[in-house]
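Note sheet for the following structure.
None of the figures in this text is laboratory data; all of them are computed from the coordinates on show. Only a predicted model underlies this, so the values are computations on that prediction, with no experimental measurement involved. Virtual Cβ from ideal backbone geometry, glycine too; neighbours counted across all protein chains shown.
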């Protein structure tokens, strides 16, 4: 009995101590909140006002997992992400009962199925396509679907390793992004597209200018197949890359030519290029130095600018043309960008791609300048639409991030990515096991290719590059769909 009383007394004292400590903390927080002047809510509602921030943070979590319907979330809804997840895990992508997609949304593509599609034994796999046929070392690209630019720095070492190895497994290329060429891009053995950003990371001299010696050094790697000169990207047209200093490790600093912890801010454009003529001169110079295909990546702002580019090419001669043009849409993503640019600047790839394809084809350059579509294209229907609209290739960044396990936590710019994809914190990187994740990357790519082939066969053609705008109908605001070639008449020589 005495022992029991002693225990109760100890527990009572402990309880009183805990309550007293909590009351003291509340009093201290009350005083702090009342005296501070930066937050009106906390000043007017001491202690309680702090819960507003907490509930705002939790709201994002609850909306994603409990309240948002499968097709409601942005930038990518649950249905889109789940398709990638099932494909990358090797699970079947058949579903039951019917589509959850609202087919009445204006602009929704609907593919026109053929009454007598090819028989199973008539199906053909999409063959390779040559880029830069006039260069000393043309690139014979095996796949129409590939990995878009994600730099080492924006994404982690294990993410780059898994993408490189997965790309090799699937026979697709990988774009380095503007952060330079790391050993991890090469170790998987895949085809690599080296992107030259406005800061010239990886190929610049001590003054930050383009170095021919560095260009030759990069081009000497057999796996580096092409060079992409980035003018702009969809999420931030008119502004260069932004790599927060907390993500600049010693290794990344060495590759980029920065100091550890220094923000990696790229200029908003290439300082040495003030006109289309100067751009073509730079493309020709890089092609001459490297001996490999050279193209550009840009965001379309207006039709007249694209027309001026092709007029300049025709005037100077087709040999001056870029070997490819990557068209990024204003809906494109990135690890860090100002919200006004994300929301308000740049033409959507849905509008830009048909426009650029028409101008290119009217100039007679359909076999000389390859078009690569990029910008929120992650599911089979997106890729099939792009090929029908005029693209020769499609690239995706966020689709492959989902295949690695991205949960759309929207922490890419904070070095706290919970899946280890966009962080350099070893604690989080442990969750990204390269030996497992590269298989998911490869399965996602091969499943996309297979499903796009299924769509192509359903509309009556033997392989995806035979898709044309007449095979796609776009929903209008009157509840009816019209053929895409009526809205965007094609100038492709084989359109009919």
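For the stretch 453-495, the gyration tensor built on C-alpha atoms gives an oblate shape. Its axis ratio a/c (a ≥ b ≥ c) is at least 1.5, and a/b is not larger than b/c.
Radius of gyration (Cα atoms) of the stretch 255-384, expressed as a multiple of 2.2 N^0.38 Å: 1.16. Looking at the chain, the DSSP beta bridges with both ends there are about 30 percent antiparallel. Taking other C-beta atoms within 10 angstrom as a stand-in for reagent exposure, 359, 383 fall in the order 359, 383, fewest first.
For residue 277 and residue 263, the difference between the fully extended length at 0.36 nm per residue and the C-alpha to C-alpha distance is 1.8 nm. Annotation: the residues 194, 428, 30, sorted from fewest to most other C-beta atoms within 10 Å of their own C-beta, follow the order 30, 428, 194. Remark: relative contact order (the stretch 452-495) = 26 percent; criterion is Cα-Cα distance under 8 angstrom and separation of 6 or more residues. Computed from Cα atoms, the angle from the helix 78-89 axis to the main principal axis of the chain rounds to 80 degrees.
If a spin label sat at a point 7 angstrom from the Cα of residue 50 along the line to its beta carbon, the backbone N atoms of the stretch 15-40 nearer than 20 Å would be those of 17-40. Of all DSSP-defined beta bridges confined to the stretch 154-277, some 25% are antiparallel rather than parallel.
Based on DSSP H segments of at least four residues, each scored -39500 (n - 2.57), the chain has a per-residue ellipticity at 222 nm of -12000 deg cm²/dmol. Principal-axis analysis of the Cα atoms of the chain puts helix 434-458 at an angle of about 50° to the longest axis. The peptide list 148-154, 376-382, put in order of mean Cβ contacts within 10 Å with the highest first, becomes 148-154, 376-382.
When each of 435, 396 is scored by the number of other beta-carbon atoms lying within 10 Å, the sequence from fewest to most is 435, 396. For the chain, the longest principal axis of the C-alpha atoms and the axis of helix 276-290 are separated by about 90°. Separation of the stretch 168-217 and the stretch 457-496, taken as the distance between their Cα centroids, equals 36 angstrom. What the Cβ-Cβ distance of residue 246 and residue 427 gives, at R0 = 22 Å and to the nearest 0.05, is a FRET efficiency of 0.95.
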